[in-house]
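Just below is one structure, and these are the notes that go with it.
The values are calculated or read from the model by the stated rules, or taken from the named source; none is laboratory data. No experiment lies behind these values; they were computed from the predicted model shown. Here the Cβ is made from the backbone with ideal geometry for all residues, glycine too, and neighbour counts use every protein chain on show.
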Amino acid sequence: MNFLLRSVFALLIFVSNVQANEDSLLVASLLKQADQSQQEDSSLFYANKALEFASKKNYITGVLLSITKIGNFYAMSGKLEEAISFYKTTIPNYKFDATQLSTAYNQIGIYHVYLGHYDSTETYFLKALEMRKQMNDSVGIGASLNNLGNVMMSKGDYDKAVKYFFQSLKIRETIKDSAGIASSTNNIGMIYYKQQKFKEAIKYYHKALEINIKHHVVDKEIFILNNLGNIYDEMNELDSSVHYYSIAINKADEFGQNRLIAISYGNMGVTQEKLGNYNEAIKYLNKALQIRTESNDLEGQAILYNNLGSVYISLNKNDSAVYFFKKSNDFTTLIGFNEATRDNYLGLATAYDKLGKYKEAFEAHKNYLVYKDSIFNEESNKQIEEIRTQYETEKKEKQLAEQEVIITKEQLRVRQRNYTLVGLALVLIFIVILSVYVYKQQKFKQQKLIEENRLKDEIAKITLQNELHEERIRISRDLHDNIGSQLTFIISSVDNMGYLFKTADEKLREKLHGIADFSRTTITQLRDTIWALNKDEISFEDLKSRLYNYIETAKIVKENITFNFEVDVKQKISFNAIEGVNIYRIVQEAINNSLKYSAATTINVLLKEEQDKLILKIEDDGIGFNINEVKLGNGLDNMKNRATSIKANFNIDSTPEKGTTILLEMPIK
């Protein structure tokens, strides 16, 4: 009877195993069809069919495989939010064991990484770690610790990152997990890279690369090749950098994973910029940015916008650089990517400085220093080194134990030496901290003194300006009251003499008339000088009005000459007193020369703006002259000197029988 029961029980187990095997084969077949489908809709159809069948048969392993497949389809299509939502709504519907549930939590954490949601990523990775510790799953624990290290590194928290990486490496070496050792070793290399310890970083990267090449793990090979390229880029060995990036790009194109292609293109773009190949750099960076945008990879977009900003600074297109750095900051602020935020502020400081926007440059540089200090400081360096020393010490102790060559005296000596080194390190750190404190106090006092001196200089400058303004008013008043009244008296006296000497000869009357005209001209020029002296700033409208009045007066005096005065200026322009007077005098001198010597019938005066320049053009249709044959007089020399004094370009062009053109070009401030 017992034999019969045992036989029936064994038969039931066999039938059950056969059924389970058939279920797994069908689910695997449906998922394979999903992979082979070219259209997203078809892929999702087969994956959902696999989930439906596994659910119906209560094949929980198949359910998890189907959920993972569907989530990955959404993620690869750039629908990361949908992937996370699908996991969250589907998982509670099934009774997964701890191993399966930790795998699901780990996958949700990975999707959050790609979205840059580092806090959410840490939450799910910690859930997965806790479950794997309860199950004593060494492989899973090593993977979770490594994942947590990556999250902390992305957040800029190197203290936590390095702890997780060395814990992960220790466990993976214990269980001889080659792939895991390669991953943790690579990540330790990344920490050394961020610390600028390039030789150490290269050593760890090559260890990881050898393992991945041996086991044909192509995606990891591509990551490490990019990391090696990054190091040689930092070391300014750009040919080596391009070598590793080229290999990475070729492998990534063959492998066909968009994220790896984007990373390789982005890195190559950065190095091409350093080589001065700016068009190549922009081409590679835009290719990478297109992939990152399509996959909604916020972190990747942030980095690439920062890289593009750097290229446009190199091209001296600083307005474009400001746009890209700000665009990058929109993403880094959203996802808490402190390292990139720090770099963006440094880029903005450089761009604003080149644009002459010094206030914005100062604020950007101040923000850069805040982020720099928060990410990394001397204390984190010390802690990283202590953890590395602890790891290396434990590894050596393990090797000694395996070889049964432990010598108690040597251990004691090593321990005492370590204590001495730690003590010396603490003393050194105390001295450094004290020195930094004293230095900052001295710097603060120096800055305070500089600020006080600056304020004194500003007050002295304002006082001097007020005194100069009052002196100008006094001089203009004296000119008007004294010299002006005296010239008026001379004109009146000359006119009276002309009246008294009506019978005098013609030459005497012409002489008296010339003296009166000269005096009137002197009064007019004196009034122009007083007009300029009374102003700190002369508006363009004021200058235009002054020129218009002068030309109108010339029209009355010379009725046989046609005067044209045109203005085409839309900007609001202002001049200092020297600039205003010199422009006015140049117009006066040019018109006077034309009236005296050119026998012109038309004189044109044109004021216009062109490409941030003020253009003054005075031309007549007179007899002209040959510039190479005629010796220029004082009038033309005066015009040239006046133009030079206001940093304007002056040019005169004249041809016999075709008139004369005078051109003045002055930058608009």
For the structure I just gave you, tell me whether residue 245 is touching a residue at least 12 places away in the same chain (Cβ under 8 Å), within 19 Å of residue 281 (Cβ to Cβ) and either in a helix (DSSP H, G or I) or of a type in the set (Gly, Ala, Ser) (or both). yes
Under the condition of being among the small types (Gly, Ala, Ser) and under 18 Å from residue 282 (Cα atoms), which residue from the stretch 248-268 is nearest to the chain's Cα centre (by Cα)? 266
Looking at 358, 368, can you tell me which residue is surrounded by fewer than 21 Cβ atoms within 10 Å (Cβ to Cβ), among the hydroxyl-bearing types (Ser, Thr, Tyr), farther than 22 Å from residue 121 by Cβ and within 13 Å of the chain's Cα centre (by Cα)? 368
Based on what the data block shows, is residue 231 aliphatic (A, V, I, L, M), at pLDDT 90 or above and surrounded by fewer than 22 Cβ atoms within 10 Å (Cβ to Cβ)? no
Among the residues in the stretch 545-552, are any exposed (fewer than 14 other Cβ atoms within 10 Å of the Cβ), farther than 22 Å from residue 663 by Cβ, among the acidic types (Asp, Glu) and out of contact with any Cys (no Cβ under 6 Å at 6 or more places or on another chain)? yes
Can you work out which of the residues in the stretch 634-658 that are surrounded by fewer than 15 Cβ atoms within 10 Å (Cβ to Cβ) and within 15 Å of residue 668 (Cα to Cα) is farthest from the chain's Cα centre (by Cα)? 649
How about the stretch 46-79: which of its residues are over 26 Å from residue 260 (Cβ atoms) and not in a helix (DSSP H, G or I)? 57, 58, 59
Is it true that some residue in the stretch 568-583 is in the same structural domain as residue 639 (by TED's automatic domain parsing), part of a helix (DSSP H, G or I), polar (S, T, N, Q) and in contact (Cβ under 8 Å) with a residue 24 or more places away in the chain? yes
Looking only at the stretch 553-575, and only at residues there that are among the polar types (S, T, N, Q) and touching a strand residue (DSSP E or B) at 6+ places or on another chain (Cβ under 7 Å), the one that is surrounded by the fewest Cβ atoms within 10 Å (Cβ to Cβ): 571
Under 27 Å from residue 667 (Cβ atoms) and touching a strand residue (DSSP E or B) at 6+ places or on another chain (Cβ under 7 Å): does that describe residue 594? yes
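To keep it simple, each residue is scored yes or no on (1) over 14 Å from residue 180 (Cβ atoms); (2) touching a residue at least 24 places away in the same chain (Cβ under 8 Å); (3) surrounded by fewer than 23 Cβ atoms within 10 Å (Cβ to Cβ); (4) not assigned by TED's automatic domain parsing to the domain that holds residue 185.
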{"site": "110", "(1), (2), (3), (4)": "yes, yes, yes, no"}
{"site": "122", "(1), (2), (3), (4)": "yes, yes, yes, no"}
{"site": "125", "(1), (2), (3), (4)": "yes, yes, no, no"}
{"site": "128", "(1), (2), (3), (4)": "yes, yes, no, no"}
{"site": "136", "(1), (2), (3), (4)": "yes, no, yes, no"}
{"site": "143", "(1), (2), (3), (4)": "no, yes, no, no"}
In the stretch 145-172, the residues that are under 20 Å from residue 214 (Cα atoms) and without any contact (Cβ under 8 Å) to a residue 60 or more places away in the chain: 172
For residue 201, all conditions in the list (1) surrounded by fewer than 20 Cβ atoms within 10 Å (Cβ to Cβ); (2) in contact (Cβ under 8 Å) with a residue 24 or more places away in the chain hold save one; what is the number of the exception? (1)
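For (1) of a type in the set (D, E, K, R); (2) modelled with pLDDT under 85, each residue gets a yes or a no:
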residue	(1), (2)
513	no, yes
533	no, yes
542	yes, no
549	no, no
588	no, no
603	no, no
Could you tell me whether any residue of the stretch 544-551 is among the hydroxyl-bearing types (Ser, Thr, Tyr), in contact with a strand residue (DSSP E or B) (Cβ under 8 Å, 6 or more places away or on another chain) and not in a helix (DSSP H, G or I)? no
Hits in the stretch 88-108 - residues which are polar (S, T, N, Q) and crowded, with 16+ Cβ neighbours inside 10 Å: 90, 100, 102, 103, 106, 107
